[in-house]
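These notes concern the structure reproduced below.
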Amino acid sequence: MSKLTDFAEARRKSTKMVPVPSVSIMPERDLGEAPALECVHLGIEFGGLKAVDDFNVTVGKTEICGLIGPNGAGKTTVFNLLTKVYQPTHGTIMVGGRDTAGLSPAKVNQLGVARTFQNIRLFSSLTVEENVEIGLHNQIPCGMVSGILRLPRHWKAEREFHDRAMELLDIFGMTGLADHEAGSLPYGAQRRLEIVRALATNPKLLLLDEPAAGMNPSETAELMENIVKIRDQFHIAIMLIEHDMNLVMNICEGICVLNFGKIIAKGTPEEIQRNDAVIEAYLGKQKKEVEA
Ligand SMILES: Nc1ncnc2c1ncn2[C@@H]1O[C@H](COP(=O)(O)OP(=O)(O)OP(=O)(O)O)[C@@H](O)[C@H]1O
Ligand SMILES: [Mg+2]
């Protein structure tokens with residue numbers, strides 16, 4: 001075999017070529033960095049139903065991206081695909097430039113994808129701090145043997161868990177609630193705790209499924225500030241599903257609109273608000289509220 005053929009063969013083995021969506025936007029500051037997320041022709045079918053079809057999205061390394069659409073549009077299904085709760089029927093998901101094909105939910109979490117759930121899923125009989133520490137467990141190594149024998153290493157790790165949990169709870173001013181049972185917290189505080197627990201797994205991409213659901217207007221305003229603060233402090237990407245258009249239009253940089261499993265529009269908040277297909281399919285009267 002000639003040198004040139006050897007070289008071509010080696011390159012073929014080491015390079016996986018994937019299709020790249022032709023129309024993508026991302027914040028200029030993230031250009032030149034691997035996107036936090038790239039979905040290419042992503043899709044899943046349940047029986048005959050195409051719940052998500054030809055989903056092409058790129059999220060910059062530090063972008064706050066909105067995923068909106070009417071009830072049943074397929075938004076949560078996208079999150080279930082990104083976190084490998086469902087394996088896609090078609091397409092590619094790249095996280096930080098790495099193909100996630102075949103990975104388990106735990107491996108994708110270790111790769112940097114963390115989420116909150118539309119219906120809160122906390123360990124309600126554990127304390128607030130313990131809930132956060134569960135998220136920390138894949139970050140701070142401490143073997144079972146040192147735990148059983150209560151070796152000094154075990155106590156050191158326990159202290160690190162505690163200190164880190166407190167630092168994270170402080171983002172939402174929740175350190176005073178550390179000893180409280182998670183299930184006893186008011187609804188808004190439980191939603192905030194879910195975000196802290198997801199952050200504890202040290203994500204590069206944080207997926208928030210309706211984080212403002214059930215919050216009152218002042219809690220939502222505070223949440224909005226905290227989402228931006230989290231992005232700025234941790235330099236991560238955040239993708240959020242939300243029906244609160246005020247929140248979406250205020251803090252999202254790129255927005256993707258789904259309807260019946262298909263993307264009907266992608267763009268900046270300004271572009272989305274004047275997109276006829278979006279106005280007709282989804283925003284309707286809310287557009288006026290956002291503009292007011
Ligand atoms: N495991 C499943 N089996 C069958 N159909 C499913 C499954 N998961 C989701 N679907 C269907 O996929 C479609 C999209 O559902 P999904 O929950 O993703 O919508 P959504 O945009 O999150 O809606 P909402 O705003 O109400 O939360 C729905 O028709 C739903 O019934
Ligand atoms: Mg949903």
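The values are calculated or read from the model by the stated rules, or taken from the named source; none is laboratory data. This is a predicted model, so every value here is computed, not measured. Positions of Cβ are generated from backbone atoms using ideal geometry, with glycine treated the same way; all protein chains shown enter the neighbour counts. Protein only, heavy atoms only, side chains kept; ligands, DNA and RNA dropped before computing areas. Shrake-Rupley method; radii C 1.70, N 1.55, O 1.52, S 1.80 Å.
So, with a 1.4 angstrom probe, what is the percent of accessible area on region 156-292 that is carbon and sulfur?
Carbon and sulfur atoms account for 48 percent of the accessible area of region 156-292.
Evaluate the distance, in nm, between pseudo-label points positioned 7 Å from the Cα of Thr268 and of Ala34 along their respective Cα→Cβ axes.
My value for the distance between the label points is 2.9 nm.
Among residues other than Ile251 whose Cβ falls under 12 Å from its Cβ, what is the net charge (Lys/Arg +1, Asp/Glu -1)?
-4
Could you tell me the calculated FRET efficiency between Asn250 and Glu130, based on Cβ-Cβ distance and R0 = 35 angstrom, to the nearest 0.05?
After rounding to 0.05, the efficiency reads 0.55.
Modelling each spin label as a point 7 Å along the Cα-to-Cβ direction, I'd like the Lys50/Glu160 distance in nm, to one decimal.
Calculated label separation equals 4.8 nm.
Set the Förster distance to 41 Å, then compute FRET efficiency between Ser184 and Asp276 from the Cβ-Cβ distance, nearest 0.05.
0.30
Using per-residue counts of other Cβ atoms within 10 Å, averaged over each peptide, order 78-90, 28-40 from highest down.
Numbers: 78-90: 19.3, 28-40: 17.4.
Listed from highest to lowest mean packing, they are 78-90, 28-40.
Say R0 is 22 Å: what FRET efficiency, to the nearest 0.05, do His41 and Val85 get from their beta-carbon distance?
Rounded to the nearest 0.05, the efficiency is 0.65.
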